[in-house]
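Below is one structure, written out as structure tokens; the observations come after it.
The values are calculated or read from the model by the stated rules, or taken from the named source; none is laboratory data. All of these numbers come straight from a predicted model, not from anything done at the bench. Positions of Cβ are backbone-derived with ideal geometry, glycine not excepted, and every protein chain shown enters the neighbour counts. Note: areas computed on protein heavy atoms with side chains; ligands, DNA, RNA excluded. Shrake-Rupley method; radii C 1.70, N 1.55, O 1.52, S 1.80 Å.
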Amino acid sequence: MDEKNIKIVAFLCNWCSYGAADLAGVSRMQYPTDIRVIRIPCTGRLSPKFVLSAFREGADAIWVSG
Amino acid sequence: MGNLLEHMGIERDRINFSWISSAEATKFVEVVKEISNKVRALGPNKKLVKDYN
Amino acid sequence: MDTCIQKIREIAFQLLDKKEVERVIGFSNGTIPMATSPITIASKQDTEKLVFNSTCGLNLANYIRQQKGKIAVIAKGCDTRNIVTHIIENQVKRDQIYIIGVPCKGMINKSKIKALFEDEIIKFDEDGEILNVESSSKKEKLNKKDYLRHNCSLCQHRNPVIYDVLAGERVEEQIIDVPYPDVEKIAAMDADTRWGHFQDLTKNCIRCYACRNACPLCYCPTCFVDESGPQWVGKGQDKTDVNTFHFLRAFHCAGRCTDCGACVEACPMEINVRDFTRKLNKDSLDMFGWEAGLDLTKRPPLDAYSPDDPNHFIK
């Protein structure tokens, strides 16, 4: 098991969590590098297809945040 | 959504939902750490992954 | 059931005769015994072709969309719930359809009966609660109650929810203490066993999409399985693709499925695809107290926000 290389696909809302991620970045906060962020216009844009598609392409976990 | 995936046998911790305001950078960092730890404990996902070979 | 079909034919005849409706959608005898197929009738002479018995397992609510003019449809309890869903989702207008409601005592599980015979069934008829089934080697008298489909044996809405006319006496509703025993059974397994169960369930799937086509809920002009850019799911029998298809199909039915059993009825491989949708039905009942298609005035749970949403992450 390669624990160093897990991939979490994060679907972040442009207005909420994406802003928080941006703020965390400019504030130079430290956080794990396992997440791969996908910006979506709103969590309402998220279709269940996206989640399954992410698993299909080999994601280890999904995180949806509004 | 999480419920059906879990019902099918995908581990619950692999699918996460949360709500963070754009001012909550600290909460963002906390949630990333929490999810990352949970998933590291589970290890890599083998279910629902397409094998292209 | 014989009196019921006389009544149906009579109503259909009157409607077509007075030109109140342009077409009547119902069931006719299939080409083999113990089968019926949907039929659309436009002339009053053809009303003799209509039948209604315990083999009418398909859901006629599937055929009422995109019809011109007023149409009449013969509907069981679950079919009327799907018609309600259609009206809520703006697929049809209430005044465009004339519903001939049929109180239903359940449909039979054809594969269970076929399994009793080694050779082909050549004759099937029913007399009240008794089914007479005949093949070239033997004859059987069966009790209908023992051969109900799984969803019909757990059905709590046998009488039509909305109708313009009823073609029979209302039947007594069943009282079911444990409405989802199958879901609970699966839920009791651990994650890997559950995964194994669903792998086993779908291993025979040939991806014919009969379940999708038979389902009255599946009306997207382009289904996600047919989309090619991006392609969400592969076309072959790869197990990931099969899983993705079944999972997404089930999710599209969340809070809308009436458990009519048309998907299982249509499946040529006899896969119990209801194992997926029933979990979501149970969830919408447990979380939102919702059963699809009972009320024309209520919005479905996945369509509305409420401050007391049971999901913890939304607060």
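Scanning for something closer than 24 Å to C:Ile186 by Cβ, open to solvent by 50 Å² or more (accessible area, probe 1.4 Å) and of a type in the set (Lys, Arg), does the range B:14-37 turn up at least one residue? No, that holds for no residue. C:Gly77 meets the stated requirement of being out of contact with any helix residue (DSSP H, G or I) (no Cβ under 9 Å at 6 or more places or on another chain) and closer than 19 Å to C:Cys152 by Cβ.
Restricted to the range C:179-228, the set of helices (runs of 4 or more DSSP H) holding at least 2 residues that are among the β-branched types (Val, Ile, Thr) and open to solvent by less than 80 Å² (accessible area, probe 1.4 Å) comprises C:181-187, C:191-202. The set of residues from the range B:28-49 being within 7 Å of chain A (Cβ to nearest Cβ) and basic (Lys, Arg) comprises B:Lys33, B:Arg40.
One line per residue, one yes/no per condition, for (1) touching an Asp or Glu at 6+ places or on another chain (Cβ under 8 Å); (2) within 21 Å of C:Val171 (Cα to Cα):
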residue	(1), (2)
C:Gly30	no, no
C:Ala35	no, no
C:Pro38	no, no
C:Phe52	no, yes
C:Gly57	yes, yes
C:Lys68	yes, no
C:Ala75	no, yes
C:Asn82	no, yes
C:His86	no, no
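In this structure, is C:Asn159 open to solvent by 30 Å² or more (accessible area, probe 1.4 Å), among the polar types (S, T, N, Q) and touching a residue at least 24 places away in the same chain (Cβ under 8 Å)? No; evaluated as a whole, the condition is false for this residue. In summary, strands (runs of 3 or more DSSP E) completely within chain A and bearing 3 or more residues that are more than 8 Å from chain B (Cβ to nearest Cβ) and closer than 16 Å to B:Ile20 by Cβ occur at A:8-13, A:35-40.
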